[in-house]
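Worksheet for the structure shown next.
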Amino acid sequence: MAHYDDPKFSYQDYWQPRQYEHRTEVMAINRLLRHRIFSTAADIGGGFGRLTKNISLYSRHTYLIEPSKKLRTEAQEYLHNDRKITFLPGTAQHTSLPDQCLDLVSIVRVFHHIPHLQPVFVEITRILKPGGFLLLEFANSLNFKARIASLITGQPILLIPQEKRSTINIRRQSIPFVNHHPAHINQLLNNYGFRVQKTLSVSNFRSPFLKKLIPIKFMLFLESLFSSLLSVFYFGPSIFILAAKDR
């Protein structure tokens, strides 16, 4: 995404004060992929390689797909030009990878920039082998705070997201930020031939107040205890799903 090429914005600096969120996402990936080894994988929207490093532990070869030239350059440095990783330009809608070439597709922190997900699922279905796996994350519109706000304001939580624009983190330009309803995500997975294997509720205790009050080790301990249980209620702001491609 071209917005990340802004020279005045550092995505690595953005993540420095967000170690709780980063580590909960690493925990979720490890929990979903444990005991699996894939021949080929792709981290779509891999940015500077923050999670690609983790994904590559479960794959013999990994493609980092990223539209931002600046972030791809940073990823090569961050990942020390790892020979197991190939850095390619591309988007979630157009990766330019061959048909049915992957055993695993990971797409984390990407859906919240995409209001309309059907083209993304078309592309994922095209590049993923039958029997392959999809690890996805989405910003959850049905999270606990959103439900409380809905009760107070009387405004319903929409099944289909409305695009919003924000300039909080990116200078000069605005980019879309959308939350997706779990029912809509599950419907898309079903429509495109995916069967959900496991769901996790992630970053459940994300709060500036809690992060100042509670040591991060204890917050991560709570996360490890409750991420599976709270997924039943789609409690957290971030939902991770591992799904298998049946066709």
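Of all residues in the range 109-127, those that are closer than 15 Å to GLU137 by Cα, part of a helix (DSSP H, G or I) and touching a residue at least 40 places away in the same chain (Cβ under 8 Å) total 5. Of the residues making up the range 4-41, those that are surrounded by fewer than 13 Cβ atoms within 10 Å (Cβ to Cβ), without any contact (Cβ under 8 Å) to a residue 60 or more places away in the chain, not polar (S, T, N, Q) and not in a helix (DSSP H, G or I) are PRO17, ARG34, HIS35, ILE37. Just one of (1) of a type outside the set (Lys, Arg); (2) modelled with pLDDT of 95 or more; (3) crowded, with 19+ Cβ neighbours inside 10 Å; (4) farther than 28 Å from LEU230 by Cβ fails for MET1. It is (2). Taking the condition part of a helix (DSSP H, G or I), basic (Lys, Arg) and over 20 Å from SER238 (Cβ atoms), does ARG72 pass? In short, yes.
Residues that are at positive phi and either touching a residue at least 24 places away in the same chain (Cβ under 8 Å) or assigned to a strand (DSSP E or B) (or both) within the range 128-157 comprise just one, GLY131. In the range 182-203 there is no residue that is at pLDDT below 95, within 30 Å of PRO7 (Cβ to Cβ) and either of a type outside the set (Val, Ile, Thr) or surrounded by 13 or more Cβ atoms within 10 Å (Cβ to Cβ) (or both).
Restricting the first member to the range 46-59 and to residues that are under 16 Å from ARG23 (Cα atoms), and the second to residues that are in a loop (DSSP other than H, G, I, E, B) and among the basic types (Lys, Arg), the beta-carbon pairs closer than 9 Å and six or more apart or on different chains are ARG50/ARG109; LEU51/ARG109. Among the residues of the range 20-52, just one is charged (D, E, K, R), over 30 Å from PHE209 (Cα atoms) and within 14 Å of the chain's Cα centre (by Cα), namely ASP43.
The values are calculated or read from the model by the stated rules, or taken from the named source; none is laboratory data. Just so we're clear, the structure is a prediction, and the values are computed from it rather than from any experiment. Cβ atoms come from the backbone with ideal geometry, glycine included; neighbour counts cover every protein chain shown.
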